[in-house]
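Shown next, in structure tokens, is the structure this report addresses.
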Amino acid sequence: MHDASEVLSRIFGYDSFRGEQQEIIDHVVGGGDALVLMPTGGGKSLCYQIPALVRPGVGVVISPLIALMQDQVDALQALGVRAGFLNSTLSIDERQLVEAEFLAGELDLLYLAPEGLSSGSAMRLLERGKISLFAIDEAHCVSQWGHDFRPDYLALSVLHERWPDVPRIALTATATTATRREIAQRLELTGARHFVSSFDRPNIQYRIVPKNDPKKQLLELLRTEHAGDAGIVYCLSRASVEKTAEFLVQQGIEALPYHAGLDAATRAANQSRFLREDGLVMVATIAFGMGIDKPDVRFVAHLDLPKSVEGYYQETGRAGRDGQPSTAWLAYGLQDVVQQRKMIDSSAGDAAYRRGLAAHLDAMLALCETVQCRRVQLLNYFGQTAEPCGNCDTCLNPPEQWDGTVPAQKLLSTVLRLQRERNQRFGAGQSIDILLGRRTDKVAQHRHDELTVFGIGTELQESEWRGVVRQLLAQGLLAVQGEHGTLALTDASADVLGRKRQVMMRREPERPARSSGSSRKAAAATAVAELPAEAQPLFERLRAWRAATAKEQGVPAYVVFHDATLREIAAQAPDSLAKLRLISGVGENKLAKYGDGILEVLAEA
Ligand code: ADP
Ligand code: ZN
């Protein structure tokens with residue numbers, strides 16, 4: 001048997017464990033069950049890969065991410081780990097080869113799609129081999145918000161019945177207590193030890209900005225802060241994915257679309273290019289991204305409001321897995337709220353289901369409208385405490401709070417008068433036109449200039465009024481209804497109209513926060529020492545060598561070496577294999593495979 005630290009250094013080339021990795025690994029190596037909650041990029045994979053290498057037998061990894069299994073296995077093989085996978089993409093011959101390797105004990109790790117297990121043949125195969133552990137990745141798929149793979153995941157409780165002595169480790173980056181409880185219960189992991197890490201991702205800078213001209217705002221972000229970087233842009237609809245990708249391409253930015261309406265081959269090709277090439281932008285619906293373990297995604301931008309804080313955190317979590325400074329940017333406006341409320345109202349499902357959706361949306365809106373540190377609010381949502389972070393928009397450029405009670409009353413009373421005196425309902429635009437005293441055709445047609453509230457709101461500009469409406473919606477003091485998103489009062493509106501309740505609002509800072517290099521770097525979690533300017537050309541050479549090597553071997557660039565490893569090589573310029581081996585991320589196998597190539601690049605330079 002190998003000792004875990006020895007495996008960490010020899011195979012993976014790392015010199016120390018991160019966070020709770022060591023404790024988790026010791027527990028599983030000792031035969032214990034574990035439920036591991038760790039944020040994306042926290043280092044979950046090692047928690048089962050190392051025990052699988054240390055314990056006798058094959059580690060079986062259940063993962064729903066069929067499209068990514070090949071890359072995961074390639075990455076392990078590049079480290080010299082004997083890994084294979086079984087899923088529906090294999091030919092019969094390939095399948096038989098992997099099965100034979102499994103039975104002969106020639107694998108350390110076997111990746112399996114969950115649907116394989118419900119079929120009897122996979123179970124029979126597993127029964128004939130020796131299993132060291134079961135790892136259940138993306139374990140939140142058992143919960144009700146996990147949708148797609150749920151039935152297959154629910155069937156995983158049989159593992160415990162058939163293999164009571166084989167340790168099981170369930171892993172997820174989805175964090176609420178309710179989800180955790182459900183995972184433990186559904187997978188019959190009742191005796192498992194829970195390992196809950198901090199969910200903070202200190203290297204990600206969170207920013208939420210009012211949406212004015214989203215395409216232009218996005219372009220500015222990409223041009224000024226993320227030129228040449230890989231990143232993901234999330235949009236709500238397929239149409240907006242297409243339009244946004246097209247727009248970016250017109251602007252000279254290499255962007256690819258991804259949504260469920262594209263055929264499988266195009267989706268696979270776009271995903272593969274995103275993973276393999278440097279600096280591509282993926283414009284996608286949330287159909288994209290689960291399990292994407294590209295370490296150098298530098299930004300995640302949302303052009304539409306996510307439906308829940310969980311979703312937002314998962315999606316933004318795809319940035320900066322390598323611990324380097326990254327940006328999570330969201331543009332959000334009144335129209336988002338109206339649209340999402342409409343979608344909830346018209347969704348299939350019973351009242352309780354709709355209430356669940358509404359509660360998720362409310363939590364997301366509260367995050368958007370907070371005047372406090374975004375990170376504090378996010379972590380609180382997941383039941384964890386934090387100090388103001390210094391690396392989010394509200395910390396970097398605090399918004400003012402102002403007493404918006406009077407404007408709130410004016411707006412609510414406009415809605416009330418339209419309803420009471422005219423028996424009419426309108427959207428936000430008409431109420432704002434009335435308050436601003438605009439004699440539009442629609443105002444004239446409905447004689448809204450005769451209302452007593454006509455023209456009483458000239459102290460604010462239109463954009464400010466939209467902010468007022470948005471914040472009233474976020475605070476539940478106003479509602480939107482029906483297909484046209486008309487405004488309506490809520491029970492709580494009466495308190496504001498009756499002067500029993502004060503309404504505090506957020507005023508956007510004049511200049512929206514922009515990441516200054518220094519604050520981002522100061523906050524980066526595991527940022528390597530900044531690359532000295534003279535090492536930059538060497539780093540570029542190493543990247544070019546990596547791109548060529550990866551292409552030749554048909555693997556993503558990061559499977560060869562991560563950016564962080566290349567950067568350290570550039571900074572230290574080791575002149576021998578022995579010195580190269582000391583660099584984080586250079587294990588025995590990669591040294592043997594790439595060592596001479598690297599030294600050659602260094603010698604040439
Ligand atoms: P997760 O699955 O939790 O999102 P991964 O297992 O993909 O995270 O790990 C994220 C990154 O951190 C990977 O690039 C991995 O190689 C690296 N990593 C994990 N553990 C360590 C460690 N102990 N030392 C250095 N790097 C690590
Ligand atoms: Zn903050």
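The values are calculated or read from the model by the stated rules, or taken from the named source; none is laboratory data. Since this is a predicted model, take the numbers as computed values, not measurements. For neighbour counting, all protein chains shown are included, and Cβ atoms are generated from backbone atoms with ideal geometry for every residue, glycine included. Quick note on the areas: whole protein, heavy atoms, side chains included, nothing else; ligands and nucleic acids left out. Shrake-Rupley method; radii C 1.70, N 1.55, O 1.52, S 1.80 Å.
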Residues of region 18-59 satisfying the condition of being open to solvent by 10 Å² or more (accessible area, probe 1.4 Å), under 26 Å from residue 101 (Cα atoms), more than 8 Å from ligand 1 (Cβ to nearest atom) and small (Gly, Ala, Ser): 30, 31, 57
Close pairs from region 346-365: first within 17 Å of residue 310 (Cβ to Cβ), partner at pLDDT below 85 and part of a helix (DSSP H, G or I), Cβ under 8 Å, at least 6 apart: 362/474; 365/474
Do you know which residues across region 185-207 are out of contact with any strand residue (DSSP E or B) (no Cβ under 6 Å at 6 or more places or on another chain), away from ligand 2 (no atom under 16 Å from the Cβ) and small (Gly, Ala, Ser)? 191, 197
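Pull up region 533-591, narrow it to residues that are within 16 Å of residue 296 (Cβ to Cβ) and open to solvent by 40 Å² or more (accessible area, probe 1.4 Å), then point me to the one that is nearest to the chain's Cα centre (by Cα). It would help to see each step written out before you state the result.
Taking region 533-591 first, the residues within 16 Å of residue 296 (Cβ to Cβ) are 539-540, 542-544, 546-547, 550, 555-570, 584-585.
Subsequent filtering for residues that are open to solvent by 40 Å² or more (accessible area, probe 1.4 Å) retains 540, 543-544, 547, 562, 567-568, 584.
Working: 540: 28, 543: 26, 544: 29, 547: 26, 562: 20, 567: 25, 568: 27, 584: 26 Å.
Taking the candidates together, the pick is 562.
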State whether the residues of region 329-336 include one that is in contact with a Phe, Trp or Tyr (Cβ under 7 Å, 6 or more places away or on another chain) and open to solvent by less than 10 Å² (accessible area, probe 1.4 Å). no
What residue, among those in region 593-605 that are in contact (Cβ under 8 Å) with a residue 40 or more places away in the chain and part of a helix (DSSP H, G or I), is surrounded by the most Cβ atoms within 10 Å (Cβ to Cβ)? 598
Across region 531-548, the tally of residues that are in a helix (DSSP H, G or I), over 15 Å from residue 560 (Cα atoms) and not acidic (Asp, Glu) stands at 5
Please specify each residue of region 67-94 satisfying the condition of being buried (at least 18 other Cβ atoms within 10 Å of the Cβ), touching a Leu at 6+ places or on another chain (Cβ under 9 Å) and over 21 Å from residue 290 (Cα atoms). 81, 83
Result of the Cβ filter at 9 Å on region 377-391, keeping first residues that are farther than 17 Å from residue 366 by Cβ and partners that are within 16 Å of ligand 1 (Cβ to nearest atom), at least 6 apart or interchain, is 389/200; 389/202; 391/202; 391/203; 391/204; 391/325; 391/524
List, please: which pairs have Cβ atoms under 8 Å, are six or more places apart or on different chains, and start with a residue in region 203-227 that is closer than 15 Å to residue 280 by Cα and part of a loop (DSSP other than H, G, I, E, B) and end with one that is charged (D, E, K, R) and away from ligand 1 (no atom under 16 Å from the Cβ)? none
The conditions are (1) free of Cβ contacts under 8 Å to residues at least 60 places away in the same chain; (2) part of a loop (DSSP other than H, G, I, E, B), and residue 282 fails exactly one of them. Which is it? (2)
Cβ-Cβ under 6 Å, sequence separation 6+ or interchain: first residue in region 37-51 and of a type in the set (D, E, K, R), partner within 8 Å of ligand 1 (Cβ to nearest atom) and open to solvent by less than 20 Å² (accessible area, probe 1.4 Å). Which pairs? 44/38; 44/171
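So, residue 319, is that one touching a strand residue (DSSP E or B) at 6+ places or on another chain (Cβ under 9 Å) and within 16 Å of ligand 1 (Cβ to nearest atom) or not?
The answer is yes for residue 319.
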For region 401-434, which residues satisfy the criterion of being in contact (Cβ under 8 Å) with a residue 12 or more places away in the chain and either within 16 Å of ligand 2 (Cβ to nearest atom) or not in a helix (DSSP H, G or I) (or both)? 401, 402, 403, 404, 424, 425, 426, 427
Read through the list (1) over 28 Å from residue 464 (Cβ atoms); (2) assigned to a loop (DSSP other than H, G, I, E, B); (3) open to solvent by 40 Å² or more (accessible area, probe 1.4 Å), then give the number of the only condition that residue 398 fails. (1)
Specify which of the listed residues (375, 341, 355, 321) is open to solvent by 50 Å² or more (accessible area, probe 1.4 Å), of a type in the set (D, E, K, R) and in a helix (DSSP H, G or I). 355
Taking region 306-317 as the search range and keeping residues that are assigned to a loop (DSSP other than H, G, I, E, B) and surrounded by fewer than 24 Cβ atoms within 10 Å (Cβ to Cβ), which one is nearest to ligand 2 (Cβ to nearest atom)? 317
Residues being out of contact with any strand residue (DSSP E or B) (no Cβ under 7 Å at 6 or more places or on another chain) and outside any helix (DSSP H, G or I): count how many of those fall in region 1-37. 12
Go through the residues of region 449-458 one by one and say whether even a single one is outside the structural domain of residue 472 (by TED's automatic domain parsing) and hydroxyl-bearing (Ser, Thr, Tyr). no
Any chance residue 78 is more than 18 Å from residue 44 (Cα to Cα), within 29 Å of the chain's Cα centre (by Cα) and of a type outside the set (Ser, Thr, Tyr): yes
Quick one: in region 470-499, which of the residues that are hydroxyl-bearing (Ser, Thr, Tyr) and not in a helix (DSSP H, G or I) is farthest from residue 422 (Cα to Cα)? 490
Scanning region 215-236 for residues that are more than 18 Å from the chain's Cα centre (by Cα) and either hydroxyl-bearing (Ser, Thr, Tyr) or open to solvent by 10 Å² or more (accessible area, probe 1.4 Å) (or both) gives 215, 216, 217, 219, 220, 223, 224, 225, 227, 228
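Return the total of residues in region 439-469 being surrounded by 18 or more Cβ atoms within 10 Å (Cβ to Cβ) and not in a helix (DSSP H, G or I).
Number satisfying all stated conditions: 5.
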Answer residue from region 555-592, given it is outside any helix (DSSP H, G or I) and out of contact with any helix residue (DSSP H, G or I) (no Cβ under 8 Å at 6 or more places or on another chain) and is nearest to ligand 1 (Cβ to nearest atom) among those: 562
Check whether at least one residue in region 557-573 is over 28 Å from residue 280 (Cα atoms) and not assigned by TED's automatic domain parsing to the domain that holds residue 322, and report yes or no. yes
Select from region 537-574 the residues that are of a type in the set (Gly, Ala, Ser) and on the phi < 0 side of the Ramachandran plot and list them in ascending order. 544, 547, 548, 550, 557, 564, 570, 571
Kindly indicate the residue of region 384-395 that is in contact with a Phe, Trp or Tyr (Cβ under 9 Å, 6 or more places away or on another chain) and part of a loop (DSSP other than H, G, I, E, B) and also nearest to ligand 1 (Cβ to nearest atom) among those meeting that condition. 384
